[in-house]
Amino acid sequence: MSGDEQRQGEAQGAQNASNPPNARDAEGASATPSATAADPGGPLRARQIEAQGLADEPPEAPLPTRRGLRPFVRRLVKHRPAFVGLCLVLLFVGAAALGLVFEIQDVRHASPEPFHPPSLEHPFGTDTQGHDMFVLVCRGAVASLLVATLAVLIAVFIGVPLGVVAGYFGGWIDLVLGRIIDVMMTFPSLVLALTIVMLTGQSLKNITIAVGVVGAPLFARQVRASVLVIRSQDYVTAARALGFRRIRILFGAVLPNCLTPILVLATLGIGTAILDVAGLSFLGLSGDPSLPEWGLMLQLNQNDFAQYPWVVLAPGIAIFLTVLGFNLFGDGLRDLLDPQGRRR
Amino acid sequence: MLVFLLKRIAMVPPMLFAVSVVAFLCLELVPGDAAQMAAGQLQDPETIAQIREKWGLDEDTSPVERYGMFLNNLLIQRDARNFYTGEYITEELFERFTATAELALAAMLIAALIGVNLGIAAGRRPGSGTSAASLALAYGGISVPIFWLAILSVGVFAVWLQVVPASGRLDASLLADFDPITGFYLLDGLLKADMRILGSALHHLILPAAVLATIPTAIVVRLTRASMIEELQKDYVRTARSKGLREDRVVRGHALKNAAIPILTATGAQFGYLLTGAVLTETVFAWPGLGSYVVEAAKGQNGMALMGGILLLGTIVVFVNLLVDVLYAVLDPRVRAGQHSRREGGTA
C-alpha cells in the first residue's frame with residue numbers, strides 16, 4: 001500500500017467518525033428522495049446491470065479503517081434495513097451452527113410419526129419420514145450458507161483477476177475479456193449453470209462450481225469498471241512515477257480501492273447464489289437425494305403442500321429470509337460504504 | 001443515431017457466433033460418447049453410427065469441421081432429431097418457444113401494469129405507507145425463491161380453492177382435437193373464434209404468468225418509484241404545477257414521460273430474461289416451454305436437445321438486447337441527436 005493510499009484511508013476514517021450517524025437513516029420511509037432516486041438499486045440494480053451491460057459505477061470508498069470501525073458499526077445499527085438484514089443473516093448463521101450440532105449428533109428421527117403438525121416438541125412439524133423439519137431446516141442452513149459462500153468465493157477468484165487485468169491493461173486484452181464476459185452474460189445464469197452441471201455431473205459440488213463460474217462475469221465487470229477509474233487517479237500515477245513494478249501497483253494501489261464494490265457485490269451475490277443453488281437442487285441436480293438441502297427438500301415435499309403445508313413452508317421461508325437478509329445487508333453496506341451516498 | 005445503431009448492429013454477428021460456439025461446446029464437452037448419449041440407451045448400433053457420421057463424432061473429424069457440420073445440421077438441414085422423443089429438434093424448439101413467449105408476454109404485461117402504477121403511487125409520496133409497501137414488495141420479489149412461490153400458489157389456487165388448473169396450457173379434452181395455427185393459444189382461440197379454447201388457455205395462463213411476473217414487477221416498481229421521485233423534484237414539474245396543471249397531468253403527462261426511458265429499458269431487459277429464464281416456473285407448472293425443455297434435456301444428459309435449446313436461448317437474448325438498445329436510442333433525444341452514448345447515460 002503506497003503512502004498516498006494510506007493517507008487517503010485515514011482521511012476516510014476521519015470522515016466516518018465525523019459523519020453524523022443520523023445523516024442517512026433507513027432506506028424505507030425516511031430516505032431522502034434524492035438519495036433514493038440516485039441509488040435505485042441494490043440487487044435489483046445488479047440484475048439490471050447484468051441484463052443491460054451497464055456497469056460504469058464511480059469507484060467507491062475504501063473499507064473503513066480500524067479507527068473508523070466503531071462509528072461504522074454505530075451507523076450500521078442506525079441504518080434500519082441493513083441492521084435487519086444483518087440480524088437475519090446472523091439468525092441463519094446461528095441456525096447453521098445448531099445444524100452442525102444436529103449433524104454431529106446425528107439427530108434425525110425426532111418422532112416416528114410422519115407429518116406431525118407443528119407443536120412445541122416439533123416447532124416446524126415432521127416430514128413424510130418423521131424427520132423433524134426444524135432439524136432439517138437447520139441442517140439445510142449449513143449446506144446453503146456453505147455452498148453459497150463457496151460459490152461466491154469461486155466467482156470472486158475468477159472474476160476479480162479478470163476484471164483487474166482487463167481494466168488495468170486495456171487494449172486488446174480488455175477487448176477479448178470484455179467480449180467473453182458479454183457472451184457469458186448473454187445466457188440466463190440458471191441455464192448456463194444447468195449446462196455446466198450436465199457436463200460435469202450431477203452433484204452439490206458441481207452445482208457450487210457452476211453457480212460460482214456463472215457469477216464470475218458480474219465481478220469481472222464491476223471490478224473492470226472500478227479499475228478504469230482508479231487507474232487514472234493521482235496515487236496510481238505517483239506509484240508509476242516512483243517506478244514500482246506493475247504487480248505492486250496492482251496489488252498495492254489498485255486492488256485495495258476495488259474492495260468496497262467487491263464486498264457489496266459479494267454480499268448480494270451470496271443471496272443470489274442461495275437462490276440459484278436451491279433452484280438447481282430443486283430441479284434435482286444435486287445428485288444424492290438424502291442431502292439436507294432446502295431446494296431439494298422443496299422438491300421432495302412439493303406434492304404434500306396441500307395436505308401438510310408445513311413441510312413446504314419451513315424450507316421456503318428459510319430460503320426467503322436468508323436471501324432477504326443478504327439483499328438488505330448488501331444494499332445497506334453499499335449505502336454505508338459509498339461516500340457519495342453518505343454525503344447526500 | 002445512425003452511427004450508434006450501425007455500431008450496435010455490427011456487434012450482433014460476433015455475439016451470435018459466440019453463442020453458437022457455446023452451444024457447440026455442449027456437444028463437444030459432453031462426458032462419454034456423444035453419439036451414444038444422443039441416441040439414448042435403447043438405440044441399435046446402426047443408428048448410433050449414423051449419428052456419428054452426421055455430426056462428425058469420430059476421431060478423424062477436426063473440431064472446426066464438426067462445428068460446420070453442427071451448424072449445417074441445425075440451421076440448414078434442420079433434420080436433427082431428438083432421439084428421446086423422435087421429433088425434429090427445430091420443430092420442437094419452435095413449439096416450445098411460442099409457449100414460453102406467450103407466458104413471458106403475459107407476465108410482462110402484469111409486471112408493467114402493476115409495477116408502473118404502484119411505482120407512480122409510491123413515487124408521489126416517498127414517505128407514505130404505499131411507498132414503504134412498494135419497497136417491501138420490491139425486496140420480497142427479488143428474495144423469494146420463485147419455485148417455492150409457484151408451489152404455494154398451485155397449492156392454494158389450484159388445490160385448495162380450485163379456481164385455476166394446476167398445470168399445462170389447455171384442458172386435456174380440448175387438446176385432443178386442437179390444431180394450433182400460431183402456437184400462441186390465446187391468439188389461436190381468437191383466430192378460430194373458439195371461446196372454449198380462448199377461455200381454457202387464459203385459465204391455464206393466469207397463475208403461471210402471475211408467478212413469473214414477481215421478479216419483473218419488483219424491479220419495475222422500484223425503478224419507477226426511484227425515477228418518479230427524481231423527476232418530480234425537477235424544475236419543469238414545479239413550472240407545470242405553478243401554471244395550474246392538474247396534478248394527474250403533471251405526474252402522468254410530464255414526469256412519467258421523462259421517467260419512462262429507464263423504465264422501458266429495464267423492462268425490455270427483463271423481457272429477455274423472462275423469455276429465457278422461466279426455467280423454474282415452467283417446471284413447476286409443467287408448462288411446455290423452452291425453460292422446461294432445457295431442464296429436461298440437461299437432466300436426461302440429452303446433449304443434442306440442450307444444444308438446440310442453448311442456441312435458441314442465446315439468439316433470443318442477443319436480439320432482445322439489440323431491440324432494447326434500439327428502443328433506447330429512438331426514445332432518448334440525446335442519443336437521437338448523437339450527443340450521448342448509452343454507456344455514459346446509464347439507466348440508473
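The condition (being modelled with pLDDT of 90 or more and either of a type outside the set (Ser, Thr, Tyr) or outside any helix (DSSP H, G or I) (or both)) is satisfied by just one residue among B:LEU186, B:LEU103: B:LEU103. Within the stretch A:264-284, is there a residue that is in a loop (DSSP other than H, G, I, E, B), buried (at least 20 other Cβ atoms within 10 Å of the Cβ) and modelled with pLDDT of 85 or more? For the stretch A:264-284, residues in a loop (DSSP other than H, G, I, E, B), buried (at least 20 other Cβ atoms within 10 Å of the Cβ) and modelled with pLDDT of 85 or more: present. Beta carbons closer than 9 Å, at least 6 apart along the sequence or on distinct chains, pair a first residue in the stretch B:226-255 that is among the β-branched types (Val, Ile, Thr) with a second that is open to solvent by 70 Å² or more (accessible area, probe 1.4 Å) for B:ILE229/B:ARG124; B:VAL250/B:ARG241; B:VAL251/B:ARG124.
Among B:VAL64, B:VAL116, which is the only one that is of a type in the set (Val, Ile, Thr) and touching a residue at least 24 places away in the same chain (Cβ under 8 Å)? Just one listed residue meets the conditions, B:VAL116. Once the stretch B:109-159 is narrowed to residues that are more than 11 Å from chain A (Cβ to nearest Cβ) and either open to solvent by less than 20 Å² (accessible area, probe 1.4 Å) or not in a helix (DSSP H, G or I) (or both), the residue that is nearest to B:ASN258 (Cα to Cα) is B:ILE120.
Residues are listed down the side, and each one gets a yes or a no for (1) surrounded by fewer than 23 Cβ atoms within 10 Å (Cβ to Cβ); (2) not assigned by TED's automatic domain parsing to the domain that holds B:LEU135:
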{"position": "B:VAL221", "(1), (2)": "no, no"}
{"position": "B:SER227", "(1), (2)": "no, no"}
{"position": "B:VAL250", "(1), (2)": "yes, no"}
{"position": "B:LEU256", "(1), (2)": "yes, no"}
{"position": "B:GLY272", "(1), (2)": "no, no"}
{"position": "B:ALA286", "(1), (2)": "yes, no"}
{"position": "B:GLY291", "(1), (2)": "no, no"}
{"position": "B:GLY303", "(1), (2)": "no, yes"}
{"position": "B:LEU311", "(1), (2)": "no, yes"}
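Among residues of the stretch B:1-29 that are away from every other protein chain (no Cβ under 11 Å), those with a Cβ under 7 angstrom from a residue that is open to solvent by 70 Å² or more (accessible area, probe 1.4 Å) and in a helix (DSSP H, G or I), sequence gap 6+ or separate chain, pair up as B:MET1/B:ARG336. Restricting the first member to the stretch B:203-222 and to residues that are farther than 24 Å from B:GLY123 by Cβ, and the second to residues that are β-branched (Val, Ile, Thr), the beta-carbon pairs closer than 7 Å and six or more apart or on different chains are B:HIS203/B:VAL164; B:ILE206/B:VAL164; B:LEU207/B:VAL164; B:PRO208/B:THR281; B:ALA209/B:ILE110; B:VAL211/B:ILE146; B:VAL211/B:THR281; B:LEU212/B:THR281. Show me the helices (runs of 4 or more DSSP H) entirely contained within the stretch B:1-90 in which 2 or more residues are within 18 Å of B:LEU313 (Cβ to Cβ). Hits in the stretch B:1-90: B:12-29, B:63-71.
The values are calculated or read from the model by the stated rules, or taken from the named source; none is laboratory data. No experiment lies behind these values; they were computed from the predicted model shown. Virtual Cβ from ideal backbone geometry, glycine too; neighbours counted across all protein chains shown. We work out accessible area using only protein heavy atoms, side chains counted, and drop any ligands, DNA or RNA first. Shrake-Rupley method; radii C 1.70, N 1.55, O 1.52, S 1.80 Å.
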